[in-house]
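Structure first, then comments.
The values are calculated or read from the model by the stated rules, or taken from the named source; none is laboratory data. Keep in mind it's a predicted model, so treat the numbers as computed, not measured. Here Cβ is always computed from backbone atoms with ideal geometry, including for glycine, and neighbour counts include all displayed protein chains. These area figures cover heavy atoms from the full protein model, side chains too; ligands, DNA and RNA do not enter into them. Shrake-Rupley method; radii C 1.70, N 1.55, O 1.52, S 1.80 Å.
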Amino acid sequence: MSAWLQQVIERGQGIDDWLSPARARALDALSNTSWPTRCTESWKYTSLTALEQLDLTAESAEQPSTVEPIPGVDGLDLVFKNGVLQTDLAQLNLPAGLQITSVQTTSAVQQVIATTLFSQIKPKHHLFGLVNDALAGDVLFIDIEQNSHIGQPIRIISLSTGGHESHHRVLVRLGNQAKATLIEQALGQQNSLSTGFTECDLGEQAELEHYRLAMHTGEAIYFGGCHFCLHHHANLNSTLIGYGSQLSRTDIDIIHNGEHAKAKLNAVYLLGESEHFDLHSTIEHAKPNGTTEENVRGIVGDKANAVFNGRIHIHRDAQKTLAELNNRNLLLSRRGQINTKPELEIYADDVQCAHGATVAEIEEEALYYLMSRGISRSKALVMLNYGFIQELINQMPNQQLAQWLEPQLRARFKEMEVR
Amino acid sequence: MLTIKNLHARVEQKNILNNLNLAIKPGEVHAIMGPNGAGKSTLGYVLSGREGYEVLDGQVDFQGQDLLEMETEDRARHGLFLAFQYPVEIPGVSNMEFMKESVNAMRQHRGEEPLTAAEFLKKAKEACKQVQLPLDFLKRGVNEGFSGGEKKRNEIMQMILLEPTLCILDESDSGLDVDALQVVANGVNSQRDGKRSFIVITHYQRLLDYIEPDFVHILANGKVVKSGDASLAKQIEQEGYAFLGLDTSEEASA
């Protein structure tokens, strides 16, 4: 047991609220968890040393933490700052069919519903998911009634600033045939620790457009998770954008818990300097006729370090599953590192499944073609590499969001390309 | 415009150009013909500065400057343009973005303001029409999924937009039907203004029916073995390269 984990358990034991039974289960699991080392398979390429040595007492200048609107995206903004909800939920003008409540204000009826989600979709094996179970302060519950189509994107921003530790949780329930868009943006660059886990239950024929922008950089330590349960004919379209920090990891789980569910997951990570980003995804096909399309692309420059582990698990009953997992990486520097591992586990015999992972270097021919048109080498590198991920950005259903992201992603490249 | 003296170059340890000499004045059109492996495409790559094409000896003067000392992008900015035999497909980079960057790199080199998106779009649309490509080709990935003919027309469109001083067309006619050939030739001819020079690399005399050359050079074993006027191309069309007494066994292996 690490000293860090020990103090988490002690703090968790001190929290008494309506989630206590669930928290107690997490604390119990944590007590029986051995602290990951480089020998632990799921932490093989991600060291927790930075967390063990974390000192949040160090002084750091408070950074302005303003939330910029996304042009063209009329979002329903919910802001967490260091885990504390800043938005006055009572002041929100919510469309019919949408309810947003926080753990403090949740009615007894909703507490019962929330309890069916809290730590029920997220698998038990995520260490920092358990930490979040134990310590989550503000828990946001987003409830979308069946048949409700919420046109306005729900945008959840979580900011971390220097010297703070925070744990926030989001629970989302989409009733049958409900539709919604959820944009989750996590950011911070100063010395901090934050965890942010989201559990989404998609009812029959429900549709969720989801974005997770894991934008922690610099000194910020971040552990995130997105966990989805898909019922009959549910449709999930999720995009993850990952930046890297001294320690940043996101776990995604998608469970096909009803037949004919569809999941599309696109993920892009873009790392420079000595940034680290770890993405673990698991797709569980528990029921027949499900479809998964997962495309993960990453670009790694300088001394950055990317880890991708993508697992697709097709259970014995999940006949007629169509699943594809593709991970492509571009390594820009000899000092960068990419560790990728796609895993297929198939127990059904009538499925179509494909996976692949590549790590490539710059295509000299394309570079030459651009340079032969007067474009400088560094500019050409940016264009080519951006093209590599642009294909996935172009697939984002919300093009306003894509346009807002583009210059930020390009700017990251430019910094990376100092030669 | 361009003076090549005693040029020797190799690719992957293999000597391809051996003592090549060529002089091109402003406004002239020079056709370069020759059997497979003669070094025609290599000449284009060496002049444009492709990595891996190593110059062993010789000088190339381009408008009073030492071309071989310049980086690939600088050669382009100084007005050298190579229309590729096999244009590269670049998914994810739109044709529009690519050409706008390119045109603005040239403008910046000349000390001009970059074109705005609207100004560029206007020019690009005109050029697109001129080579008879549908306008949606501007939005597509560079050469992505283009047919052979569409790729060649895309090259000519770039040439029109970039307004180079020396254009090297590397087999811009290969794989084209007669209609497409005419579009390419018209595009080239529209750029002939008495100052701009052209090197037209081709296998067949056919293209030269449309783009009339001032000079025809036969390249074999890495050097110019015969030069003449347009009638030389016609002679080759009829008689093949045999009358030049070339060592065909080396040709076949080259």
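Among strands (runs of 3 or more DSSP E) lying entirely in segment B:144-254, which contain 1 or more residues that are in contact with a Lys or Arg (Cβ under 6 Å, 6 or more places away or on another chain)? Before you say what the answer is, go through the steps one by one.
Numbers: elements: B:166-170, B:197-201, B:215-220, B:223-228.
So the answer is B:197-201, B:215-220.
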Scanning segment A:253-265 residue by residue, those of a type outside the set (D, E, K, R) and either out of contact with any Ser or Thr (no Cβ under 6 Å at 6 or more places or on another chain) or surrounded by fewer than 23 Cβ atoms within 10 Å (Cβ to Cβ) (or both) turn out to be A:Ile254, A:Ile255, A:His256, A:Asn257, A:Gly258, A:His260, A:Ala261
Given the conditions (1) buried (at least 17 other Cβ atoms within 10 Å of the Cβ); (2) more than 12 Å from chain B (Cβ to nearest Cβ), every one holds for A:Gln352 apart from (1)
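If you scan segment B:227-237, which residues turn out to be open to solvent by 80 Å² or more (accessible area, probe 1.4 Å) and not acidic (Asp, Glu)?
We begin by selecting, within segment B:227-237, every residue open to solvent by 80 Å² or more (accessible area, probe 1.4 Å); these are B:229, B:234, B:237.
Matches in segment B:227-237: B:Lys234 only.
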Tell me whether segment A:390-410 contains one or more residues that are open to solvent by 20 Å² or more (accessible area, probe 1.4 Å), in contact (Cβ under 8 Å) with a residue 60 or more places away in the chain, more than 14 Å from every other protein chain (Cβ to nearest Cβ) and not in a loop (DSSP other than H, G, I, E, B). yes
Pairing a residue in segment B:87-113 that is farther than 25 Å from B:Glu171 by Cα and more than 8 Å from chain A (Cβ to nearest Cβ) with any residue that is in a loop (DSSP other than H, G, I, E, B) and of a type outside the set (Val, Ile, Thr), where Cβ atoms lie under 6 Å and the two sit 6 or more apart in sequence or on different chains, gives B:Asn104/B:Pro114; B:Arg107/B:Pro114
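Among the residues of segment A:358-370, which ones are open to solvent by 20 Å² or more (accessible area, probe 1.4 Å) and either within 7 Å of chain B (Cβ to nearest Cβ) or modelled with pLDDT of 90 or more (or both)?
Within segment A:358-370, the subset open to solvent by 20 Å² or more (accessible area, probe 1.4 Å) is A:358-365.
Within segment A:358-370, A:Glu364, A:Glu365 qualify.
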When segment A:299-320 is checked residue by residue, the ones that are free of Cβ contacts under 8 Å to residues at least 60 places away in the same chain, open to solvent by less than 10 Å² (accessible area, probe 1.4 Å) and more than 29 Å from A:Tyr347 (Cβ to Cβ) are A:Val300
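For segment A:1-36, give me each residue that is open to solvent by 20 Å² or more (accessible area, probe 1.4 Å), in a loop (DSSP other than H, G, I, E, B) and either within 16 Å of A:Val103 (Cα to Cα) or among the small types (Gly, Ala, Ser) (or both).
Keep residues of segment A:1-36 that are open to solvent by 20 Å² or more (accessible area, probe 1.4 Å), which gives A:1, A:3-4, A:6-7, A:10-11, A:13-18, A:20-21, A:24-25, A:28-29, A:31-35.
Now drop any that are not in a loop (DSSP other than H, G, I, E, B), which leaves A:1, A:14-18, A:32-35.
Selection gives A:Gly14, A:Ile15, A:Asp16, A:Asp17, A:Trp18, A:Ser34.
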Check your understanding: Does A:Arg377 satisfy the criteria of being under 25 Å from A:Ala411 (Cα atoms), within 14 Å of chain B (Cβ to nearest Cβ) and either at pLDDT 95 or above or in contact with a His (Cβ under 8 Å, 6 or more places away or on another chain) (or both)?
Key -> no
